[in-house]
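Q: Structure provided below as structure tokens; questions to follow.
The values are calculated or read from the model by the stated rules, or taken from the named source; none is laboratory data. What you are looking at is a predicted structure, and each value in this text was computed from that prediction instead of being measured. Cβ: placed from backbone, ideal geometry, glycine included. Neighbour counts: every protein chain shown.
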Protein chains: 2
Amino acid sequence: MQPMTFEPTAESIAPAGVRYRIGLSQQTLRNVNFTPLNPLSFLLRAALIYPDHIAISHPNSPQPVEYTYRVWAQRIQNLAYALIQSGIKPGDRVAVIAPNCPLIADAHNGILAARGIIVCINTRLLKADVEYIIQHSGAKLILVDHEYVSLVEDVSVPTIVSLDTGRVGDPYEAFLSNGRRFSQERGWAGLEMETDEGAGASLNYTSGTTGRPKGVLCTLRGSYLAAISNAYESRLSRTSVYLWILPMFHASGWTYPWACTFAMLKQITLRTVDIESIWSHFLHSGVSAYCAAPTVQISIVTSPQARRLPSPVSAIIAGAAPTSNLIGALESLNFQVCHVYGLTETYGPFTRNYDRPEYAKLSLEERAKLYARQGHSFAQADEVRVVKVDKEGRRRPEMVDCDDLEPGEVVTRGNIVMKEYFQDKRATDEAFRGGYFASGDIAIRYPDGSISIQDRSKDLIISGGENASSLAIEQELSAHPDVLEVSVVARKHDKWGERAMAWVILRPSSKDKWEGKGKEFEEDLIRFAKQKLPGFACPEWVYIVTELPKTSTGKIQKAVLRQRAAKL
Amino acid sequence: MQPMTFEPTAESIAPAGVRYRIGLSQQTLRNVNFTPLNPLSFLLRAALIYPDHIAISHPNSPQPVEYTYRVWAQRIQNLAYALIQSGIKPGDRVAVIAPNCPLIADAHNGILAARGIIVCINTRLLKADVEYIIQHSGAKLILVDHEYVSLVEDVSVPTIVSLDTGRVGDPYEAFLSNGRRFSQERGWAGLEMETDEGAGASLNYTSGTTGRPKGVLCTLRGSYLAAISNAYESRLSRTSVYLWILPMFHASGWTYPWACTFAMLKQITLRTVDIESIWSHFLHSGVSAYCAAPTVQISIVTSPQARRLPSPVSAIIAGAAPTSNLIGALESLNFQVCHVYGLTETYGPFTRNYDRPEYAKLSLEERAKLYARQGHSFAQADEVRVVKVDKEGRRRPEMVDCDDLEPGEVVTRGNIVMKEYFQDKRATDEAFRGGYFASGDIAIRYPDGSISIQDRSKDLIISGGENASSLAIEQELSAHPDVLEVSVVARKHDKWGERAMAWVILRPSSKDKWEGKGKEFEEDLIRFAKQKLPGFACPEWVYIVTELPKTSTGKIQKAVLRQRAAKL
């Protein structure tokens, strides 16, 4: 860790005697016992109570910065005024394209302080997708990190570039300075708190595996409640240190930007997922919690830097169920595994695998099987339900039995369900049909009420009236010694309606063995499958390929495979 | 600890396959992304996730009981149906008169499940006050512990008596059985969730030092948010054990009955504040947190049973600032001191003294001075403010400077401020005047924004235009070697407007010394005071008495003293 020689710009320093209270409208003041829920309030409280604690540390960039809550709050106030000065009105969207860095953390607060809606865009998207999101969201302004300027070079929306330096001469700093000049006299009281807690806070585009990204509109109320839930469930406190590994542009970092200010803790931002520097922070920066998908967790535990941590660190895992290998490795290094499940539409986590004292007696293998379940509803989430799916794949109002046998669709409702798909009433109505938000995920439910995801509903293979989980088939096929990667999709079948088709990448060491013997490999793999899977789930066709079509976030595009299968 | 041989009644056992979801109206179901905040939801979630964990343990009563979340939730469902069957309609008040025991914990959930409003009545009140509260609240039904039946013997409202046995033959159990018979087929889904989160949850009467008790109406939304704040701030989790020392009838136990179900933890109820059994639980029951006023905390640390705890226990202190002696004693026994401040009108705590890393370097005396401050706003509370008070003692909209010099009145607003004083529009309007709830407490505010309570506003002595804190004067006078207890109130003065009058109980050992020498003692005490207090704060008159008038909760009735002073 290099020593911090950084001094924030003069205009980032708060004037003496600043009061951390935002303006309340007459309408709000009439209701003495009602304040609209708004996650911005967490920042103001943290700045009041712990002005000199570190709020944001950004140590690994070429020009490291570190801000106390006092300085950070002033920068956010400057940002809010700069946005207002540049024409942002309540409800306007402001796009942000950045890796984990102060800019995107600022934006999660400053845009809310200007009563705008933050639209974070995945930096890994193609230019055309970025342009689509900017156009669809109607963003009035773009805050962009210097590394991603080319993504917006053909867009006519005004753009502010951040060089991620925090130093005089950075265009983003100049923008903030405008705000400071404008705000000099008014302070926080000159900004007005949004009176409607149902107003938009963030608009997050899903990197869907089919079609155009959809804009998930989240409210102030939902963000506030979800952030508190995350702080509570991860046991974040004012002595915690949160390490940003999950990109903040993923579903607003599952509301952790606000969970961190609620907890009044220190956030460390890293521009890239660099395992070596992650380990350096685990060992030397007092990190207490982080979120990451299993693939990143695997890189962490298999890193040469890995060693047992002196104190436990909460490893929050989502995106896919952790394997027993991963759980065992994490535990042996003193990570406390917290497996959660959620979607962009649910502000991140809405279920959690809750530990039980009786697990302590089980073997790692047995425990890992239980830990792999998505579990029960999260704090402040309504109960997660699993409803029946009919033969046409349409969901029914009735719930499946808690018998761990019958798969159904995961649905939920309540305060941490999105407001809507932005400007897409048809998609919203379909997702909300029947009074519940349909996740599109297929799960079974155990007698203890916990759920276990089996597949995406559109990836289910409905064969002879039976639902076959493409994920379950893939899991079995991937155990074949010659299979490196496999994806299974449905293909029309005259007799059974649909049947599974497997797309396989061979291991490099097995390529010669099956060279020119596609038919023989197909027979071999089907024979292998029949030992482990029911007949309706066994693949009818097997195709060897050299690569699989993937989205910018690395998800396999099953829709593309289905189209290819249909054309064969 | 005696072993538990208790089996819950057959009707307390939930039927197989129970689903912990309450009925949602069509109106609620239309809003997929909105669930009215309601602390009852915590119980249902706990029963779903941890059905076999202990929810309530009541070990020290002649007939100990212990309920798992599954059993407890069934009993609460039975209670809700029994209440509905007995005629309770949404918004109806149900009175509860009980010490800490399962009945009053049940009622905090069961009455909400029936959409009623819980009215807990202080068991230490006089019969006339109890009758007044029952009449004023319009309670339709009374749930009363057998020990307090005489308090309601002349009341015509239907009464259910609990013998606190949990066994067949107890009238309360018979009442629950009615509910079970009635609910058999309907389950939780047959109860309907209140659609308005602003509806009443509890009605708590303040034991005011003047006049009739006022009914503080708290909402579902406020109770939900306050309970989560308390769970978060006290770091309650599903492995915690909460010990009930604070009476649940005090401001709904500061919302801890719901904080405990949010945390899905085990509550231990004790009918009486018995220090010996409290210590037994600290040492043998894995207690992790409790709330108590300083007087009880003093009994705890000075108990012969006191010894250093093997793991830290959160000691939540409110009601008065802890002294350095108390803090030192608590710390040396491995209690973690958490000093909070609040009122019935704010659902319990709305500020907290937040620890700072730099405190570690200070001496106990220095730290204790800082710990004695009431601190900053609590999680989910709006900022606590201190506003100017004019010469007539009326509050002004302007805030005092953060200079630790100018006293003003503590005000706040937001989600954890009561809905209203029940059926007392005049008192509500006065308390809410200017858009803030006025606490009636006088504080100074330090440069770091923290507050320190100086006095109740009506107990201030306004002398020659200066505000003298009666508490500050009492603190100085109590250091006189002959003073056991002292209370200071204002008395009219021709020249200065008001002047301080001290009412003193002498130490038993000093009584002979001053026998028949009231005038000499007065001179001696005034001389003593002049060394420590500014002239306007020195008592003008000193009266020796043998006792001071107190309320049922042990607060000195300064209004009575003021009346007596005026008549002298």
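Q: Can you tell me which residue is nearest to the other protein chains (Cβ to nearest Cβ) among those in the stretch A:363-383 that are outside any loop (DSSP other than H, G, I, E, B) and under 21 Å from residue B:42 (Cβ atoms)?
A: A:376
Q: Of all residues being part of a helix (DSSP H, G or I) and touching a helix residue (DSSP H, G or I) at 6+ places or on another chain (Cβ under 9 Å) in the stretch B:184-198, which is surrounded by the fewest Cβ atoms within 10 Å (Cβ to Cβ)? Just the residue, please.
A: Ranking the qualifying residues of the stretch B:184-198, first place goes to B:190.
Q: Is it true that residue B:47 is within 13 Å of another protein chain (Cβ to nearest Cβ) and either buried (at least 24 other Cβ atoms within 10 Å of the Cβ) or touching a residue at least 60 places away in the same chain (Cβ under 8 Å) (or both)?
A: The answer is yes for residue B:47.
Q: In the stretch B:334-353, what count of residues is obtained for those that are surrounded by fewer than 19 Cβ atoms within 10 Å (Cβ to Cβ) and on the phi < 0 side of the Ramachandran plot?
A: Within the stretch B:334-353, residues that are surrounded by fewer than 19 Cβ atoms within 10 Å (Cβ to Cβ) and on the phi < 0 side of the Ramachandran plot number 1.
Q: Hey, another quick one. Yes or no: residue B:358 more than 20 Å from the chain's Cα centre (by Cα), touching a residue at least 40 places away in the same chain (Cβ under 8 Å) and surrounded by fewer than 16 Cβ atoms within 10 Å (Cβ to Cβ)?
A: No.
Q: I'd like the full set of residues that are of a type in the set (Ser, Thr, Tyr) and under 30 Å from residue A:24 (Cα atoms), limited to the stretch A:146-188.
A: The answer is A:172, A:177, A:183.
Q: With the stretch B:451-568 as the region, which strands (runs of 3 or more DSSP E) entirely inside it contain at least 3 residues that are among the aromatic types (Phe, Trp, Tyr)?
A: Passing ranges: none, list empty.
Q: For the condition buried (at least 18 other Cβ atoms within 10 Å of the Cβ), in contact with a helix residue (DSSP H, G or I) (Cβ under 6 Å, 6 or more places away or on another chain) and either touching a residue at least 12 places away in the same chain (Cβ under 8 Å) or under 16 Å from residue B:116 (Cβ atoms) (or both), what is the one hit in B:137, B:162?
A: Of B:137, B:162, the one residue that is buried (at least 18 other Cβ atoms within 10 Å of the Cβ), in contact with a helix residue (DSSP H, G or I) (Cβ under 6 Å, 6 or more places away or on another chain) and either touching a residue at least 12 places away in the same chain (Cβ under 8 Å) or under 16 Å from residue B:116 (Cβ atoms) (or both) is B:162.
Q: If you don't mind, another one. Quick one: which strands (runs of 3 or more DSSP E) sit completely within the stretch B:1-115 and have at least 3 residues that are under 19 Å from residue B:249 (Cα atoms)?
A: Filter on the stretch B:1-115 gives B:54-58, B:93-97.
Q: I've got another one for you. Examine the stretch B:248-255 for a residue that is of a type outside the set (Gly, Ala, Ser), modelled with pLDDT under 95 and more than 21 Å from residue B:101 (Cα to Cα), and state whether such a residue exists.
A: Checked the stretch B:248-255: no residue is of a type outside the set (Gly, Ala, Ser), modelled with pLDDT under 95 and more than 21 Å from residue B:101 (Cα to Cα).
Q: Using beta carbons and a limit of 7 Å, which pairs, at least six apart or on different chains, have the first residue in the stretch B:557-568 and more than 11 Å from residue B:501 (Cβ to Cβ) and the second one not charged (D, E, K, R)?
A: So the pair list comes out as B:557/B:209; B:557/B:549; B:557/B:551; B:559/B:209; B:559/B:210; B:560/B:549.
Q: I'm told residue B:543 meets every condition in (1) closer than 18 Å to residue B:564 by Cβ; (2) surrounded by 18 or more Cβ atoms within 10 Å (Cβ to Cβ) except one. Can you identify the failing condition by its number?
A: It fails just one condition, (2).
Q: Something else: May I ask you to list the residues in the stretch B:396-424 that are touching a residue at least 60 places away in the same chain (Cβ under 8 Å) and of a type in the set (Lys, Arg)?
A: B:419
Q: Return the residue satisfying two criteria in turn: it lies in the stretch A:384-416 and is surrounded by 22 or more Cβ atoms within 10 Å (Cβ to Cβ) and in contact with a Leu (Cβ under 7 Å, 6 or more places away or on another chain), and of such residues it is farthest from the other protein chains (Cβ to nearest Cβ).
A: A:416
Q: Right, something else. Looking only at the stretch A:486-504, how many residues end up being surrounded by fewer than 18 Cβ atoms within 10 Å (Cβ to Cβ) and basic (Lys, Arg)?
A: 2
Q: Return yes or no: is residue A:438 of a type in the set (A, V, I, L, M, F, W, C) and either modelled with pLDDT under 90 or surrounded by fewer than 18 Cβ atoms within 10 Å (Cβ to Cβ) (or both)?
A: no
Q: Among B:316, B:300, B:268, which is the only one that is in a helix (DSSP H, G or I) and in contact (Cβ under 8 Å) with a residue 12 or more places away in the chain?
A: B:300
Q: Restricting to the stretch A:429-453, count the residues that are facing chain B (nearest Cβ under 9 Å) and either touching a Cys at 6+ places or on another chain (Cβ under 7 Å) or without any contact (Cβ under 8 Å) to a residue 12 or more places away in the chain (or both).
A: 3
Q: While we're on this one: If you go through the stretch A:363-383 one residue at a time, do you hit one that is buried (at least 24 other Cβ atoms within 10 Å of the Cβ), in contact (Cβ under 8 Å) with a residue 40 or more places away in the chain and within 30 Å of residue A:212 (Cβ to Cβ)?
A: For the stretch A:363-383, residues buried (at least 24 other Cβ atoms within 10 Å of the Cβ), in contact (Cβ under 8 Å) with a residue 40 or more places away in the chain and within 30 Å of residue A:212 (Cβ to Cβ): present.
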